[in-house]
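I have placed the structure first, in the form of structure tokens, so that the comments after it can refer back to it.
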Amino acid sequence: MKLPEQVTRLGIVIAVIVAVVLLLRFVILPESLFSARPHQAAAAEREMAKPLRHAGVAVCRECHEEQFELKYGGKHRTIGCENCHGPAASHAADENAAKPPLPREREACLACHGYDSSRPNGFPQVDPLEHRPRKKCVTCHDPHDPVPPKAPTECTGCHGRIEHTKAMSTHALLPCASCHAVDAQHMTEPRLALPTKPDSREVCGRCHVPGATDPAASKVSVDMAAHGGTYVCWECHYAHLPEGRK
Ligand code: HEC
Ligand code: HEC
Ligand code: HEC
Ligand code: HEC
Ligand code: HEC
Ligand code: HEC
Ligand code: HEC
Ligand code: HEC
């Protein structure tokens with residue numbers, strides 16, 4: 001069977017195009033246009049020519065066993081020393097070289113722990129404006145073993161002197177809550193949720209008027225209308241160590 005002439009011509013055109021493409025690909029154009037291998041080789045050579053700046057944790061360990069052990073046993077075990085202290089190969093090779101810096105500023109920690117919604121779920125993050133503002137992180141967290149410190153659960157953890165003073169006073173048995181309303185947030189972020197303070201003579205009068213009904217009321221009462229004029233009671237009595245008749 002003889003092919004129609006237009007099919008033969010089309011066949012020739014296609015054959016020529018294929019031949020040109022093959023010629024371009026394998027003979028005319030350089031190999032580096034199609035393969036990554038020459039680029040990789042060149043890049044590897046270029047990078048390997050650069051001086052080493054990081055030494056790696058294993059090297060730091062040789063002289064800093066204490067910091068290594070501490071870090072290895074804690075939450076920062078996956079972070080290299082040089083992530084925080086910067087490249088330190090020159091220091092590791094020569095003790096007289098400049099010492100690596102100590103990253104004590106908040107920014108150094110916030111680079112990883114500052115709140116960012118794109119971080120993985122559950123990664124411990126803090127809002128720098130709310131989380132103990134202004135204080136250096138390392139005053140509360142050991143950078144080599146960063147356990148979150150336990151917030152005090154008792155008032156005495158932060159107000160020890162007031163607690164001890166009160167314990168020696170006639171008000172010893174009164175809980176702090178009988179005069180201050182304390183929001184739970186005050187226990188962890190004290191300055192963001194200050195407790196209330198007594199704001200009127202009646203707070204004291206609750207227990208010191210004759211016939212007071214408060215279960216903790218005092219046996220000692222005063223005439224509210226006359227005693228101490230119109231001054232608030234704590235102008236004359238320190239509420240945490242009140243003195244009466246001498
Ligand atoms: C050959 C021993 C040696 C190696 C290896 C070494 N260090 Fe040191 N490093 C020292 C000595 C010695 C000091 C000075 C100690 C001192 O002043 O109390 C020091 C001090 C430091 C300090 C404290 C600087 C200061 O101001 O107090 C840091 C941080 C430090 N090295 C980090 C590293 C890191 C990170 C590595 C690993 C890349 C490393 N070192 C490897 C010997 C070494
Ligand atoms: C999360 C960041 C971080 C990592 C990781 C880290 N350090 Fe530190 N390192 C610090 C900070 C911050 C200080 C300063 C602490 C201070 O002044 O209270 C410090 C202090 C030091 C000191 C001075 C002495 C001391 O203990 O305070 C040495 C030495 C040291 N680091 C070595 C290392 C070595 C070695 C590693 C790795 C095994 C390492 N660090 C890992 C942040 C880090
Ligand atoms: C290079 C990133 C990086 C830097 C810088 C860094 N951390 Fe961390 N931190 C981590 C990782 C990773 C963990 C472990 C998270 C986990 O266990 O899910 C961690 C854990 C912690 C934890 C424990 C949180 C918990 O819920 O148990 C505290 C606290 C902490 N870091 C404080 C700090 C402080 C303070 C600094 C600055 C001195 C600092 N970090 C610097 C990466 C970093
Ligand atoms: C005044 C002490 C103090 C300072 C300063 C402080 N923290 Fe904390 N941090 C705590 C306490 C206490 C906790 C335990 C949880 C709480 O009460 O908020 C904690 C918890 C954390 C946690 C764990 C949060 C979680 O969800 O698991 C991380 C991470 C952390 N702090 C990082 C930092 C960083 C970063 C800084 C500096 C920018 C810093 N802290 C400064 C006291 C402090
Ligand atoms: C984590 C530490 C901490 C704990 C725990 C704590 N406080 Fe405070 N408290 C503070 C700080 C810090 C202030 C602010 C002091 C200042 O501004 O000089 C404060 C202030 C106060 C004030 C004064 C408020 C004002 O307007 O001046 C009262 C009252 C108070 N606390 C009562 C309590 C009582 C009651 C408890 C226990 C239920 C308690 N606090 C637990 C740290 C704490
Ligand atoms: C009998 C009531 C009473 C009791 C109980 C009491 N407070 Fe107070 N507190 C006061 C008064 C009144 C003030 C002063 C208010 C003012 O100056 O405006 C005060 C002030 C404070 C302040 C502000 C700083 C200062 O010394 O003036 C703190 C902090 C505080 N109290 C903590 C405590 C704590 C902690 C306890 C429990 C251990 C406690 N208070 C128990 C009445 C009381
Ligand atoms: C919840 C009850 C209660 C409140 C509120 C209270 N007190 Fe008292 N107060 C007592 C008790 C109980 C005593 C111990 C004396 C006794 O055994 O009756 C006492 C003792 C005193 C004394 C010593 C009396 C003496 O003779 O030794 C003074 C002064 C005093 N309170 C002043 C105050 C002042 C000022 C306030 C307000 C800031 C206040 N009290 C609030 C219950 C209270
Ligand atoms: C201007 C100062 C002043 C003020 C304000 C004041 N007091 Fe007194 N208070 C005293 C003095 C001084 C005494 C010693 C006894 C006396 O001379 O009455 C005393 C004694 C007391 C006593 C012991 C009474 C007794 O019989 O032993 C109580 C209870 C008392 N005050 C409660 C209060 C209360 C509650 C308030 C507020 C409503 C208050 N005081 C306001 C100065 C004051």
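The values are calculated or read from the model by the stated rules, or taken from the named source; none is laboratory data. If you're wondering where the values come from, they're calculated on a predicted model, not measured in any experiment. Every residue, glycine as well, gets a Cβ built from its backbone with ideal geometry; the counts of neighbours run over all protein chains shown. SASA here: full protein model, heavy atoms, side chains in, ligands and nucleic acids out. Shrake-Rupley method; radii C 1.70, N 1.55, O 1.52, S 1.80 Å.
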query = Counting Lys and Arg as +1 and Asp and Glu as -1, each charge on the Cβ, what is the dipole of the chain about the Cα centre in debye, to the nearest 20?
reply = 380
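Would you list Arg132, Arg119, Arg245 from the most to the least accessible area, probe 1.4 Å?
Arg245, Arg132, Arg119
Considering only protein heavy atoms and a 1.4 Å probe, what is the carbon-and-sulfur percentage of the accessible area of region 155-235? If you can, show how the numbers build up before the last one.
On the way: 3640 of 5920 Å².
Reported share for carbon and sulfur atoms: 62 percent.
Between Gln125 and Val7, what FRET efficiency follows from the Cβ-Cβ distance if R0 is 45 Å, with the result rounded to 0.05? Provide the component values of the computation, followed by the final result.
Values: r = 70 Å, r/R0 = 1.55.
After rounding to 0.05, the efficiency reads 0.05.
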note = Magnitude of the Cβ-charge dipole (Lys and Arg +1, Asp and Glu -1) of region 155-235 about the Cα centre, nearest 20 debye, reported as 160
ask   = To the nearest 0.05, how large is the calculated FRET efficiency for Ala41 and Ile79 if R₀ is 30 Å and r is the Cβ-Cβ distance?
value = 0.35
query = What fraction, in whole percent, of alpha-carbon pairs in the chain exceed 29 Å separation?
reply = 65
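Longer than 24 Å from Cα to Cα, which of Lys50/Lys99; Lys219/Lys246; Lys166/Lys197; Lys197/Lys246; Lys135/Lys166; Lys50/Lys71 are they? Say none if no pair is.
Correct reply: Lys197/Lys246; Lys135/Lys166; Lys50/Lys71.
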ask   = Computed FRET efficiency, Cβ-Cβ of Ser221 and Asp183, R0 35 Å: what is it to the nearest 0.05?
value = 0.65
query = In a shell of Cβ-Cβ distance under 14 Å around Glu82, excluding Glu82 itself, what net charge do Lys and Arg (+1) and Asp and Glu (-1) give?
reply = +4
task = Compute the accessible area per residue over the chain, keeping the other protein chains in place, probe 1.4 Å, unit Å².
result = 80
ask   = Once the whole set of protein chains is in place, how much accessible area is left on Phe123, using a 1.4 Å probe, in Å² to the nearest 10?
value = 80
ask   = Around Ala181, what is the net charge, scoring Lys/Arg as +1 and Asp/Glu as -1 over all other residues with Cβ under 13 Å from its Cβ?
value = -1
ask   = If you find the alpha carbon centre of region 172-244 and of region 67-104, how far apart are they in angstrom?
value = 54
message = If you take every residue apart from Lys166 with its C-beta less than 14 Å away from the C-beta of Lys166, what net charge results, scoring Lys and Arg +1 and Asp and Glu -1?
response = -2
